[in-house]
Amino acid sequence: MKDKEIEKLIKLEKKRQRGVINLIASENYVSRDVLEVLGSELTNKYAEGYPAHRYYGGNIYSDKIENLAKGRALKLFKLSSKKWAVNVQAHSGSPANLAVYLGLVPLGGTIMGMSLTDGGHLTHGYKVSATGKFWKAIQYGVDPKTERIDYERLKDLAKREKPNIIVAGFTAYPRLVDYKKFREIADASGAYLMVDMSHTAGLVAGGVIPSPFLYADVVTTTTHKTLRGPRSALIFSRIDERELYKKIDRAVFPGLQGGPHLNQIAAVATMLKEDMSPAYKKYAKQVITNAKVLAEELKRLGWRIVSGGTDTHLALVDTWMGGNGISGKEASDKLEKAGIIVNKNTIPGETRSPMDPSGIRIGTAAETTRGKKEKDMIKIAQKIDKILRG
Ligand code: DSN
């Protein structure tokens, strides 16, 4: 590489990644193939529009790549192309969610999503996000006692507020989601049901947690978390007389974006093929086993785990109230100094600030990719305990 400064920084980052225990629940390590595709000549091409309807010439291979990615996305999640459409152009999760609202919810309409402090995402209507500024946002949360979604309160809220769309999606919710209940609530309030499965998509693809596709109108996901791909996103929508897919396609392009990132789309296609393998199914199962073991061992060592455990790839540790009065920032900084990377996280009923909240979020997707098993999780939990108490 001629650019020595960037080359050096990439080398250092590679070394950093290899030298740490990575428990960031939303990160993972992609294959050599995915890296190769990302760094390919596909980055040179403009392909504004959709296959067979491009605004530029020279898109013969772009069309093939985009169609391949779409076909594989439907196949991975066992969806019929007669019943489901998929858009593969959104640059990442936030623009994907924004595109769904832009396509389906009139400006000033109402979005209902999980509050950020209880485990939602900025784009589920949080006040500082465009999604909380352009639309009226109603936020639901978890039951303070069980720390699980309070479906009864959600139902009352939805009936009262009549949102245009209900988002069942989470970045820090460790439990399984009852999508059937969400469907009933959406039907009772006349709302679309959108599932943002960014965190758990890989677990759905691996068949180790229930799929939302039976109940949702729209499903969004990033591709770089448990799916173990490049930074990108997929938007699935049910095909019926409402023609949601047309509205969503128009919202992605030309509504929000110009040319799609073809190198990302091709890398997503490569990831989707990898995720169809038996090895990937085994991986998805191990991710959950590892998370359960990690959470249980921390619990045994005296740390309070939000909601008492996990059903997925992540757990929330209450280091403040349930631990030794260590804030999330202090915990995350201490761990980083000792080579364990986590993120500080708010917990339900948060009393501190998001910059220095009461807990940390830990996840097992990345370390499971590196071959870690149950015995390693026990060691990691013991190491965390020692570092935090030290
Ligand atoms: N930042 C992602 C996460 O860590 O969950 C969501 O965008």
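Close amide H pairs (under 5 Å, H built 1.01 Å from N) link residue 343 with 25, 361, residues at least 5 positions away or on another chain. Between the amide H of residue 84 and those of 239, distances stay under 5 Å, these residues lying 5 or more places away or on another chain, with hydrogens modeled in the peptide plane. Placing +1 on the Cβ of every Lys and Arg and -1 on the Cβ of every Asp and Glu, with no other charges, gives the stretch 96-157 a dipole of roughly 220 debye about its Cα centre.
Among all helices in the chain defined by DSSP H, which have a length of 20 Å or more along the axis from Cα atoms plus a Kyte-Doolittle mean of at least -1.0? Before the final figure, lay out the partial values.
Numbers: long enough: 4-19 (22 Å, -1.64); 60-76 (24 Å, -0.31); 278-300 (33 Å, -0.66); 374-389 (23 Å, -0.54).
Qualifying helices: 60-76, 278-300, 374-389.
A dipole drawn for the stretch 150-284 from +1 and -1 charges on Cβ atoms has a positive end, and of 245, 263, 154 the residue lying farthest that way is 263.
In debye, nearest 20: dipole of the chain around its Cα centre with unit charges on the Cβ of K, R (+) and D, E (-)? Before the final figure, lay out each step's value.
Numbers: 62 positive and 42 negative charges, 153 e Å.
For the chain, the charge dipole is close to 740 debye.
Can you list residues from other chains, or at least 5 along the same chain, whose modelled amide H is less than 5 Å from the amide H of residue 138? Those qualifying (amide H under 5 Å, at least 5 residues apart or on another chain) are 111, 112, 113.
Quarter the surface of the alpha carbon convex hull of the stretch 311-373 and you get the mean projected area, 4.8 square nanometres. Taking trypsin sites (Lys or Arg not before Pro) as exposed when their DSSP state is a loop state and no more than 14 other Cβ atoms lie within 10 Å, the longest site-free interval of the chain runs over 243-369. When both the stretch 16-95 and the stretch 203-270 are represented by their alpha-carbon centers, they are found 9 Å apart.
Volume per residue of the convex hull around the Cα atoms, evaluated for the stretch 39-132, comes out as 169 Å³.
If you bin all the Cα-Cα distances of the stretch 251-382 at 5 Å, starting from zero, the percentages per bin are 2, 10, 16, 18, 14, 11, 11, 11, 6, 2, 0. Farthest toward the dipole's positive end in the chain, which of 220, 341, 88, given Cβ charges of +1 (Lys, Arg) and -1 (Asp, Glu) about the Cα centre? Of the options given, the answer is 341. Backbone geometry of the stretch 224-233 corresponds, through the Karplus equation with coefficients 6.51, -1.76 and 1.60 at θ = phi - 60°, to 3J(HN,Hα) couplings of 9, 9, 5, 6, 6, x, x, 6, 6, 8 Hz, x marking Gly and Pro.
With charges set only on the Cβ (+1 for Lys and Arg, -1 for Asp and Glu), what does the dipole of the stretch 259-299 come to about its Cα centre, in debye to the nearest 20? Don't skip to the end; give the middle numbers.
On the way: 6 positive and 4 negative charges, 28 e Å.
Magnitude of the dipole: close to 140 debye.
Can you bin the chain into rounded, prolate or oblate? Criterion: square roots of the alpha carbon gyration tensor eigenvalues sorted a ≥ b ≥ c, rounded for a/c under 1.5, prolate for a/b above b/c, oblate for the rest. Note, shape of the chain comes out oblate. Applying both filters, DSSP loop and at most 10 other Cβ atoms within 10 Å, to the GluC sites (Glu not before Pro) of the stretch 220-276 gives 241.
Taking other Cβ within 10 Å of each residue's Cβ, how do 91, 224, 53 sort, fewest first?
Working: 91 16, 224 25, 53 10.
Ordered by Cβ neighbours within 10 Å, fewest first: 53, 91, 224.
Only the coordinates and a few stated rules stand behind these numbers; no lab work does. Computed from a predicted model, the values in this text were never measured in an experiment. Here the Cβ is made from the backbone with ideal geometry for all residues, glycine too, and neighbour counts use every protein chain on show.
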